[in-house]
Structures are given as C-alpha cells and as structure tokens.
Amino acid sequence: MTHLRILCGAVGFALILSSCSVSTKRAELQSDDDKPTEVADEVSLRADRSEVADLRKDIPDDVKKENDELALVLSMMKDGTDEPGKVRDRFNTAVRKKREKFDKTMRKQRDDFTKTERKTREEFLKNLKSERDSFVNGRKRTADARKEFFDDQDVKRRDFFSDQTDKRREFESEVNEERKTFEDYVREQTNRFNQEHREYSTAYYDRQKAEALKKRMAEKEKRINEEKARDAADSAAAQGITPAAATTRDADLEQFKNIPNVAPTQLGPKDDKGK
C-alpha cells in the first residue's frame with residue numbers, strides 16, 4: 001500500500017511538473033527579460049523529473065509488474081474503435097499465451113526435479129550395492145556382524161526413500177501453490193477485464209447507435225432537399241419557367257422579403273393644417 005501511495009504521488013507530481021513546463025514555455029514567448037529565472041526553472045524541472053524516476057526505482061518489481069499489466073489490459077480498450085468481440089479475443093489470446101508459458105515453466109520444473117530425484121536415487125543405490133559387495137566379498141563375517149550390516153543398510157534405504165517421499169510431497173505442494181496463485185491471478189485479471197469490457201461495450205454500441213442515427217438523419221435531410229428541388233423544378237416547368245429563371249426569381253423574391261420595414265414618409269408638401 002505504501003508503494004502504491006508513492007506511485008500515485010509520483011504520477012501526480014509528474015502532472016504538476018508538466019503544468020510547470022507549459023507555464024515556463026508561455027513565459028518564454030511573452031518576454032525575454034526573465035531568461036535567468038527560466039534557466040533556473042529548467043534546471044529545477046530536470047531535478048524533479050530525476051526524483052520521480054528515483055521514486056519509481058524504489059517500487060518493488062511485483063508492484064510495477066502488476067501496474068504495467070493492468071495498464072496493458074486497459075490499453076486494449078483505449079482507442080474505442082475496435083469491436084468488443086475483437087478486444088475480448090485479444091485478451092483471451094494474451095491469457096492463453098500466459099497460461100502456456102506458465103505450464104511450460106511448470107513442466108520444466110517437474111522434469112528437472114524428476115531428473116534430480118532419479119539421479120540421486122541411482123547414486124544412492126549404487127553406493128549401497130558397492131558397500132554390500134565389499135562387505136560380502138571381504139573377509140568372513142560373523143552372523144551378528146552380517147545382521148548388523150544388513151540392518152544398517154535397511155535403515156539407510158528406508159531413510160533415503162522416506163526423505164525422497166518427503167521432498168516429492170513438498171515439491172508437489174509448492175507446485176500446487178504456484179498453480180493456485182496463478183489461477184487466482186488470472187481470475188482477478190479476468191474479472192477486472194470483464195468489468196472494463198462491460199463499460200467499453202456499452203459506450204461502443206451507444207456510439208454506434210448515435211452514428212447510425214446521425215447517418216439516417218443526414219440521408220433523410222438529403223432526400224428532403226432533393227424532393228424540394230425536384231418539386232421546384234416541376235413547378236417551374238409547369239409554368240414555362242426555366243430552372244435558371246426560377247432560381248433568379250426565387251433569389252429576387254428572397255431579397256425583397258429581406259427589405260427592412262421603415263416608417264411611412266409623406267412625399268408631397270405639407271398643408272397648413274399639418275404645420
């Protein structure tokens with residue numbers, strides 16, 4: 001949580017620095033009298049950016065990885081132009097590749113463990129046989145000595161295989177834990193993606209509907225204008241007026257309608273009563 005606060009503070013601090021950079025550039029365009037101050041601001045800005053980079057270095061790799069992967073999931077929907085089905089296909093492909101990589105790593109771990117286990121067992125049995133051959137082919141032993149030797153070999157054998165069983169059980173437990181952690185991670189990322197994908201799909205289809213409605217309205221307006229032009233042409237043809245003359249007449253009529261209204265003015269001389 002502390003590292004998350006550090007990351008958020010660093011991002012906010014970077015935004016403030018960007019604002020300061022814009023203000024500095026505007027100041028440069030307005031006046032050349034403040035150049036010493038601007039140079040000092042630029043030096044301070046570089047230092048602040050370096051401090052932000054140092055803060056990010058302090059964030060653990062697993063936290064940075066989680067943040068980067070979340071950004072990757074969100075970046076799949078940043079454009080808003082791809083069909084929701086294609087976005088989901090890309091996410092499923094990414095999950096499938098990640099699962100294949102994880103399975104490959106698990107198989108390698110299991111193969112390496114099995115090879116080491118087999119090699120250790122073969123070496124142990126080989127040494128045990130060598131000790132037995134040396135004991136049997138050596139000088140004559142008493143019954144008690146022979147019993148003690150073989151009993152000791154049985155104890156070694158039981159201890160060895162018991163130890164191998166414990167190591168195998170511990171290995172399987174670790175593998176199962178890694179598998180569980182991975183599946184929990186995939187489930188969390190999938191839930192997060194599904195939530196973002198629902199919002200993305202709603203916005204995408206709403207935009208598609210709005211664009212389709214806009215297109216239909218434009219086509220309707222175009223069709224109405226074409227019908228008006230066709231009706232005007234038919235009316236002009238019925239009156240024996242050419243389209244050019246009808247256009248001129250309509251323009252003159254429109255210009256006449258736009259003449260402003262003025263107060264009436266008496267044109268003749270006023271009589272004495274009107275004085």
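Quick note: the coordinates plus some simple rules give every number you see, no bench work behind them. The shown structure was predicted, so the numbers you read here are calculated from the model rather than taken from an experiment. Cβ: placed from backbone, ideal geometry, glycine included. Neighbour counts: every protein chain shown.
Taking R0 as 51 Å, what FRET efficiency do you get between residue 177 and residue 220 from their Cβ-Cβ distance, rounded to the nearest 0.05?
0.20
Report the residues of the stretch 77-104 in range of a label on residue 195: point 7 Å along Cα→C-beta, backbone N strictly under 18 Å from it.
77-78
Taking θ as phi - 60°, what are the ³J(HN,Hα) couplings along the stretch 154-161 by the Karplus curve (6.51, -1.76, 1.60), each to the nearest whole Hz, with x for Gly and Pro?
Going residue by residue, I get 4, 5, 4, 5, 5, 5, 5, 5 Hz, with x marking Gly and Pro.
7 Å from Cα along Cα→Cβ at both residue 137 and residue 166: what's the point-to-point distance in nm?
Going from the residue 137 label point to the residue 166 one covers 3.4 nm.
Taking the Cα-to-Cβ direction at residue 95 and at residue 184 and moving 7 Å from each Cα, how far apart do the two end points lie in nm?
If labels sit at residue 95 and residue 184, their model points lie 1.8 nm apart.
What nm distance separates the two modelled labels at residue 154 and residue 121, each placed 7 Å from Cα along Cα→Cβ?
2.2
Run the numbers for residue 202 and residue 237: contour at 0.36 nm per residue of separation, minus the present Cα-Cα distance, in nm.
7.4 nm
Let me know the charge dipole size of the stretch 115-224 about its Cα centre in debye, to the nearest 20, where only the beta-carbon of Lys, Arg (+1) and Asp, Glu (-1) is charged.
740
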